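The values are calculated or read from the model by the stated rules, or taken from the named source; none is laboratory data. Small disclaimer: the values here were computed from a predicted structure and weren't measured. A quick note on method: Cβ atoms are made from the backbone with ideal geometry, for glycine too, and the neighbour counts reach across all protein chains shown.
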Amino acid sequence: MLKIFYPKLYASSLVEIEPELLEKLGFKGILLDLDNTIVCRDSNRCSKEVGEWLGELRARGFKLGIISNNSRRRVGAVAGQLGLPSVHRAVKPLVSPFRRAMKMLGTKPEETALIGDQVFTDIFGGNLCGLYTILVVPLEGKEFWGTRLISRRLEKIVLARLKQYPEILHGQWD
Ligand SMILES: [Mg+2]
């Protein structure tokens, strides 16, 4: 029952996700959450490491896109800098914005991975759409109050359960 909230893979950060693995798993498109996944919530700039990681994925031919619940202004600022297409005010975990984002990339659900830092928006929504979901540890920085007070507390329950499944850490969860 709780499995709909579980990611297929859990990584400490974006840069820990090996592009080779994403290639091996046969993905064409990668959808990325914005806040606390690509950039800290209080910054418009990604780290040098994240910039390089995105460049590497692009060089390998992956189609990349941002899917965020944040505003057009915020999402546009980061996406514009990185030269990535984006869906803003996505209202994750609803499925329609994920479908819109895949249409934007031109990929099917089975060819698309979703990477995000929140269980109840990114992972739940991605799983509902049949995407390969990857949970990352949130970047440091301020969080939206609703995230901090509600979502993170509930996430602890799911994360505690996840520890019983070490195969998630190795991407072998089915
Ligand atoms: Mg996030």
Could you please tell me which pairs satisfy a Cβ distance under 8 Å, a separation of 6+ or placement on different chains, a first residue in the stretch 122-145 that is over 20 Å from residue 16 (Cα atoms) and buried (at least 23 other Cβ atoms within 10 Å of the Cβ), and a second residue that is at pLDDT 90 or above and of a type in the set (Lys, Arg)?
125/92
Checked 5, 98, 62 against criteria (within 15 Å of residue 136 (Cα to Cα) and in contact (Cβ under 8 Å) with a residue 24 or more places away in the chain); the one match is 5
Checking residue 42 against (1) touching a residue at least 12 places away in the same chain (Cβ under 8 Å); (2) assigned to a helix (DSSP H, G or I); (3) out of contact with any strand residue (DSSP E or B) (no Cβ under 9 Å at 6 or more places or on another chain); (4) of a type outside the set (Lys, Arg), only one condition comes out false. Which one?
(2)
Would it be correct to say that residue 32 is under 28 Å from residue 159 (Cβ atoms), within 16 Å of the ligand (Cβ to nearest atom) and surrounded by 19 or more Cβ atoms within 10 Å (Cβ to Cβ)?
yes
For the stretch 98-118, does any single residue satisfy the condition of being among the small types (Gly, Ala, Ser), more than 16 Å from the ligand (Cβ to nearest atom) and on the phi < 0 side of the Ramachandran plot?
no
Scan the stretch 146-166 residue by residue and report those that are exposed (fewer than 13 other Cβ atoms within 10 Å of the Cβ), of a type outside the set (A, V, I, L, M) and either part of a loop (DSSP other than H, G, I, E, B) or modelled with pLDDT under 70 (or both).
146, 148, 163, 164, 166
Filtered residue count, the stretch 46-64, keeping only those that are within 16 Å of the ligand (Cβ to nearest atom) and in a loop (DSSP other than H, G, I, E, B):
2
